[in-house]
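Below: one structure, written as structure tokens.
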Number of protein chains: 2
Amino acid sequence: MVEYQSPHLDAVFHALSDPTRRAMLHRLSGGEQSVSQLAQPFDMSLAGASKHVKVLEGAGLVSRRVDGRTHYCRLEAARLAEAQAWFRYYERFWSNRLDALQAILEAEDRESSAGRD
Amino acid sequence: MVEYQSPHLDAVFHALSDPTRRAMLHRLSGGEQSVSQLAQPFDMSLAGASKHVKVLEGAGLVSRRVDGRTHYCRLEAARLAEAQAWFRYYERFWSNRLDALQAILEAEDRESSAGRD
DNA sequence: CAGTTAGTCAACCTAATGGTTTACTTTTTA
DNA sequence: TAAAAAGTAAACCATTAGGTTGACTAACTG
């Protein structure tokens, strides 16, 4: 039995498990974006995109500033840092190992060819 | 529209979004475990735990070796490394920043108090 | 002031999740 | 050889997820 679960990590990893949301985060890495701007690249209703933003917000990965009728979203990197920290425990299994390095490079390669994932 | 999604990342982050599965991974960081051994700490049927193992396996985070009637599971760290690599792009938002460091430390603290999360 | 734009909310739908139980196969053990 | 143990598979159930549409509010713009 797990004494202490981390709903924080649950929410963050769940938010990251969707490609649309990862793409939105990538978009936000370039600076503030309105909900409409975030929605624009996707073949999806605004309401649908708005739900994704809410999931990101709920996970603490994004914050929102309302100006008039426009909602500006900002990346909250601290939560990402927190999630990355989860991996630190497991790093001993791959740091200094060549095959894992290769996995990382391959992943980065895939990422750059994806453009916004 | 996203040209290239990564079903890989989808599956890995989804697998990590469940506390039971994160606890199983933590357990496996100590070495091979049978499905029953993995299931034992949880208040859950063996079939339920077996499903979680399958999700981890499907995400490539765990591999399986069958010996007689026993299925031994092993951590596949390369996939974890790959997931961690996803964060590397965002690191520029927090590396060398004190508040993010604090977030990491807090996360690690929570982790150690959790014991197996 | 009328119309458009930004966005949310609620209702709805379908598919996937996380769990159960029961049945089954295979292997081990008494 | 009979019973128990390890595990999967299938059927089922309730809840969540990801999407839609339509109605609504609030704020710009002409």
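Computed from the coordinates by the stated procedures, all read-outs in this text should not be read as laboratory data. Quantities reported herein were computed from a predicted structural model and do not represent experimental measurements. Counting neighbours? That spans all protein chains shown, and the Cβs are built from the backbone with ideal geometry, glycine included.
Placing a pseudo-label 7 Å from each Cα along the Cα-to-Cβ vector at A:Glu57 and A:Arg92 gives an inter-label distance of 4.2 nm.
Only Cα pairs under 8 Å and 6+ residues apart enter the sum, and on that basis the relative contact order of segment B:7-87 stands at 34 percent. Under 5 Å between amide hydrogens, built in the peptide plane, is the criterion, and for B:Val62 it picks out B:Glu57, B:Glu76 among residues at least 5 positions away or on other chains. Ranked by the mean number of other Cβ atoms within 10 Å of their residues, highest first, the peptides A:7-18, B:66-77 fall in the order A:7-18, B:66-77. With its label point defined 7 Å out from Cα along the Cα-to-Cβ axis, A:Ser63 lies at 4.4 nm from the matching points of the other copies, in increasing order.
The Cβ shell under 14 Å around A:Cys73 holds other residues with a net charge of +4, Lys and Arg each +1, Asp and Glu each -1. Label-point spacing at B:Gly31 relative to the other copies reads 5.5 nm, in ascending order, each point sitting 7 Å out from Cα along Cα→Cβ. Ranked from shortest, the separations from the 7 Å Cα-to-Cβ label point of B:Ser50 to its equivalents in the other copies are 4.5 nm.
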